[in-house]
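Working notes for the structure below.
The values are calculated or read from the model by the stated rules, or taken from the named source; none is laboratory data. Because the structure is a prediction, the values reported are computed rather than measured. Virtual Cβ from ideal backbone geometry, glycine too; neighbours counted across all protein chains shown.
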Amino acid sequence: MLEAVWALALGRTEGFSRVVPSVVFVIALVGSLVGLGLAMRTLPIGTAYAVWVGIGAALTVGYSMMSGDEAVSAVRVVLIVALVGCVIGLKLTH
């Protein structure tokens with residue numbers, strides 16, 4: 001989830017000129033990387049990274065669609081669900 005938090009915070013920093021979103025970005029980024037590092041203790045790098053990026057991307061797009069920042073369509077929702085399904089499949093086949 002921290003992957004989505006730092007991505008969304010980065011979009012609100014306005015070139016790192018806004019303090020609060022910039023601090024949220026840095027904290028979430030560090031926490032996200034720590035989480036990735038911990039996941040890599042038990043998962044191969046490719047699987048760990050794919051899960052990290054896939055879940056982060058799905059949450060970021062999902063939040064952006066729910067908040068009205070991005071358009072919602074049936075095709076986009078199906079593709080996000082497929083992305084999450086692929087991430088789950090990678091994790092399960094490890």
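Considering each of GLY54, GLY11, GLY46 in turn, give the residue that is modelled with pLDDT under 95 and farther than 17 Å from LEU92 by Cβ. Talk me through it step by step, then tell me what you get.
Values: GLY54 fails: farther than 17 Å from LEU92 by Cβ; GLY46 fails: farther than 17 Å from LEU92 by Cβ.
None of the others qualify; the one that does is GLY11.
Anything in the range 64-90 that is crowded, with 16+ Cβ neighbours inside 10 Å and not β-branched (Val, Ile, Thr)? List them, or say none.
Of everything in the range 64-90, those that are crowded, with 16+ Cβ neighbours inside 10 Å and not β-branched (Val, Ile, Thr) turn out to be SER64, MET65, LEU83, LEU90.
Might you let me know whether the range 29-43 holds any residue that is out of contact with any Cys (no Cβ under 6 Å at 6 or more places or on another chain), among the basic types (Lys, Arg), part of a helix (DSSP H, G or I) and surrounded by fewer than 16 Cβ atoms within 10 Å (Cβ to Cβ)? Even if it seems obvious, please write down each step before you answer.
Filtering the range 29-43 down to residues out of contact with any Cys (no Cβ under 6 Å at 6 or more places or on another chain) leaves 29-43.
Now drop any that are not among the basic types (Lys, Arg), which leaves 41.
Going one step further and asking which of them are part of a helix (DSSP H, G or I), we end up with none.
No, the range 29-43 contains no residue that is out of contact with any Cys (no Cβ under 6 Å at 6 or more places or on another chain), among the basic types (Lys, Arg), part of a helix (DSSP H, G or I) and surrounded by fewer than 16 Cβ atoms within 10 Å (Cβ to Cβ).
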